[in-house]
Amino acid sequence: MSRKRPAESDHFNVGMQLLRFLVRSPRSLGVSEIAEKMGIAVSSAHDMLRVLGELGFVAKDESSRCYRASPQFFELVHDFANEFGATRKLRNALDELSQKYDASIYLGTLWGHQSIIIAAAGSLGATHALGASGPAYTTAIGRAIISQMNEDEWSDYAPENGETLSPDTSIQDADDFRKALLDIREKGVAWNIGKTGATVSVAAPIIQLDQSCTYGVAFIFAEADWIPHRRTHYAQTIRKCAEILSDRLVLH
């Protein structure tokens, strides 16, 4: 069944962006300032802040009428990072694989039309990597997971007409996206090798016994550590990691 983009998904994405914006802000912010910096209507910012406040994720200073991320939100992030099912099951395996291959390794999944890092290990796998997200079509893990869906679902995750895309990515439209997914299906890995990016990544889908794919795993390399002539080796190794992690999901 095709995954359409309901209006609710837009609200969800704005809410996540707003929370991330507040977390990164060094001070509390007013509604107008939040709306201006995020490029959304003041009414939309106000409605979203109200909902997030009711959920306990945003706190309001009544004297200044400014908002900040609440401690309860950080408690949720901690629980998600440490107790989320796949994270708990695969944490040790990620550490083992990172040490075995001397590489930084990320575990990711889809959240709406975003891909999100839910666990990480290695020198580039510090806590700040957790929760990192972006449009699924722009990330190696996102494309790896989407490639395992029915082809009639792919267009739901493709860049939309008129969308401003980074010149650093090889995917500039829906046709590029489809070609990339077909290539991933054939080769079993997805690459992100930007022209100006600081990192290079290669990802593989974690295919479970029922042939479903909810997670992907990726090696992340600092550009200075990236060795182009070992590309085939990296691809083979990340596919092996995906198989190991798939087995671990079954065992636990």
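The values are calculated or read from the model by the stated rules, or taken from the named source; none is laboratory data. All of these numbers come straight from a predicted model, not from anything done at the bench. Quick reminder, even Gly has a Cβ in these numbers, built from the backbone with ideal geometry, and neighbours come from all protein chains shown.
Some notes on this structure:
- Counting only strands (runs of 3 or more DSSP E) that sit completely within region 52-133, those holding 2 or more residues that are more than 29 Å from residue 32 (Cα to Cα) and modelled with pLDDT of 85 or more correspond to 104-111, 114-121.
- Residue ID - modelled with the lowest pLDDT, chosen from residues in region 160-187 that are more than 21 Å from residue 199 (Cβ to Cβ) and assigned to a loop (DSSP other than H, G, I, E, B): 164
- Condition met for residue 210 (acidic (Asp, Glu) and over 20 Å from residue 120 (Cβ atoms)): yes
- Given (1) surrounded by 12 or more Cβ atoms within 10 Å (Cβ to Cβ); (2) free of Cβ contacts under 8 Å to residues at least 12 places away in the same chain; (3) among the aliphatic types (A, V, I, L, M), number of the condition residue 217 does not satisfy: (2)
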